[in-house]
Structures are given as C-alpha cells and as structure tokens.
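**Student:** Once you've had a glance at the structure underneath, I'll fire off some questions.
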Amino acid sequence: MRGPERKRTTIPLPTVRAGVGQTLDRFEHVTMARTMARASDSFGLLLVLLLVDYSLLSLVGTGRWFGIAVGIPLSLTVLLALHTSHARRRHQRLAVVAVVCSISAGGINAVVGSQIGEGVIGILLTILLVVTPFTVLRRILGHRTVTVETILGAICIYMLIGIVFTVLFYGISRSLPLFYGSPVPSIHWFLAQPPAQHPPATYLYLSFVTLTTVGFGDITPLNELARSVVVLEAIIGQIFLVTLVSRMVALYGQERQPVTTRRPTDSEPAGSGPSAQATDP
C-alpha cells in the first residue's frame with residue numbers, strides 16, 4: 001500500500017523570478033562595491049570617504065574619543081588612497097603599521113582621557129595623512145589621457161590638503177602643554193579667539209577658509225607658529241589650484257604625449273627624425 005500522498009506546493013513563476021531578481025540585484029551591488037574598492041584609480045570612492053571624514057570632523061567634539069571617531073575613518077581613507085594609487089607594497093605596509101599605531105594610541109587615550117594624548121594623536125594622523133596627496137598626485141600625473149578619474153583625483157588632493165592641515169592645527173593646539181607646561185597660558189593657544197579649547201570643527205573651518213583664500217577674519221591664528229602654518233597652507237592651496245587643477249580641466253579628454261628626443265643616426269641627416277617631423281607645420 002502506498003502511504004498518504006504529500007501535497008506539492010507550487011510557487012508561482014513571477015514570484016520566483018522576482019525573488020531571483022532581487023538576489024541578483026543585491027549580488028551585483030556587493031560585487032560592484034568590491035570592484036570599486038579593488039580597482040585602480042577609484043578616486044570617486046576616495047572622494048566619498050573624504051566627504052565622510054569632513055562630516056565627522058565637523059561633528060566630533062574635543063574629548064577622549066577623538067582618536068577613535070576620527071582616526072579610524074582617516075586611516076581607511078589613507079589605505080584606500082595608497083591602494084588605488086598603486087603605491088609600493090613597502091609603503092602600504094608602512095602605512096598599515098602607522099594605522100595600527102594611531103588607532104592604538106586612540107584606544108589608549110579613550111581610556112586615559114589626556115589632552116596631550118589628543119595632541120599626539122593629531123600629530124600621528126598628520127604624519128599618516130601627509131604622504132597621501134603626493135601618492136595620488138604621482139598617480140594622476142602618470143595618466144596619459146585626462147579623464148574624469150584624473151579630475152576627481154585632483155579634487156581628492158585638494159580635500160586632503162585641507163584635512164591634513166585641520167588635523168595638524170588641532171594636534172598643535174592640543175599638544176602645546178608639552179612645550180609650555182600645564183596649565184597653558186591663553187597667549188600660547190593656537191587661535192586668538194576664546195575659548196582656549198576649540199573643537200575640531202573650528203580648525204576645519206579655518207583650514208578650508210585659508211585653503212580657498214576666502215579670509216573672513218573671524219577666526220585668526222595667534223602666535224608665530226600658528227601664522228606660519230596657516231600661511232603655508234594658503235600658499236600650497238593657491239599653487240595647487242593655479243597649476244594643477246586648472247591644467248587638468250583644460251586638458252580634459254586629451255591625450256598627453258610624452259616628450260621624447262632621439263639623436264639622428266649616421267644614416268639620417270641632421271634635422272630629420274621624429275622630433276623634426278613633430279615640429280614641421
């Protein structure tokens with residue numbers, strides 16, 4: 001005798017197709033994100049991370065969690081920039097060591113809660129970040145054709161300069177007790193405006209106002225060290241905008257041919273060859 005027949009449940013074909021389609025869409029999104037992270041010249045993704053860093057610096061206040069809340073996103077930005085710019089493996093390994101040191105210092109400072117610790121973390125993050133613009137610059141200057149990624153890379157460098165000086169300003173202001181003792185007199189602070197301890201958002205504002213040479217004047221540097229660093233950022237920002245960004249935009253879509261010179265051989269008369277042909281009208 002046969003046992004009781006089991007009732008077969010059938011799922012409508014449109015429902016199956018819809019479920020498979022959603023699964024494929026999710027898989028495609030995950031695959032696309034991984035491809036963007038692993039691909040070369042992913043400067044669009046790097047720009048997104050820089051905007052996240054900018055937002056965090058605007059929102060995070062002073063305190064023991066500065067090294068964790070800001071240090072981890074900045075470290076991820078540095079690692080992505082080195083990876084997508086094809087930095088040397090040795091430099092990427094050194095960057096990983098520096099990232100571990102900065103995050104460890106942030107974790108220790110989260111437990112201890114020292115003002116000097118915040119300054120040391122700011123200096124460590126500055127050292128970690130300062131190599132990144134040069135790496136991206138070397139990469140985009142190697143592009144034979146100026147594309148959208150080339151221009152995005154130049155914008156990333158501009159954003160990186162502002163963030164580097166933001167962290168540097170904050171690190172200098174918080175580490176002043178190492179040089180002047182504690183408590184620090186008000187004359188020794190980085191900014192002339194009260195209060196003595198400003199949040200990172202204030203230094204972010206000063207950095208990008210200086211970088212763009214807007215110069216509102218509501219936040220001003222106080223001592224000689226602060227003035228020197230602020231002027232250095234203004235000079236770097238202007239040189240970068242005038243020379244590199246404007247040149248990249250002008251050459252958009254064009255192929256940059258490398259300049260090659262070759263001496264004529266004995267069988268060729270002087271003035272012939274590729275270099276002479278290139279100069280003929």
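**Student:** Going through the range 179-203 one residue at a time, which ones are under 13 Å from LEU222 (Cβ atoms), small (Gly, Ala, Ser) and either assigned to a loop (DSSP other than H, G, I, E, B) or modelled with pLDDT of 60 or more (or both)?
**Tutor:** Scanning the range 179-203 gives ALA192, ALA196.
**Student:** Specify the residue that is modelled with the lowest pLDDT; the eligible residues are those in the range 124-148 that are buried (at least 20 other Cβ atoms within 10 Å of the Cβ) and over 15 Å from the mean Cα position of the chain (by Cα).
**Tutor:** VAL146
**Student:** Okay, moving on. Considering the range 73-106 alone, what residues qualify as being among the β-branched types (Val, Ile, Thr), under 19 Å from GLY122 (Cβ atoms) and surrounded by 16 or more Cβ atoms within 10 Å (Cβ to Cβ)?
**Tutor:** THR77, VAL78, VAL99, ILE103
**Student:** Residues in the range 149-169 that are among the acidic types (Asp, Glu) and either outside any helix (DSSP H, G or I) or surrounded by 24 or more Cβ atoms within 10 Å (Cβ to Cβ) (or both): how many?
**Tutor:** Number of matching residues: 0.
The values are calculated or read from the model by the stated rules, or taken from the named source; none is laboratory data. Fair warning: this is a prediction, and the values are worked out from it, not measured in the lab. Don't worry about glycine lacking a Cβ; one is built from the backbone with ideal geometry, like all the others, and counts go over all protein chains shown.
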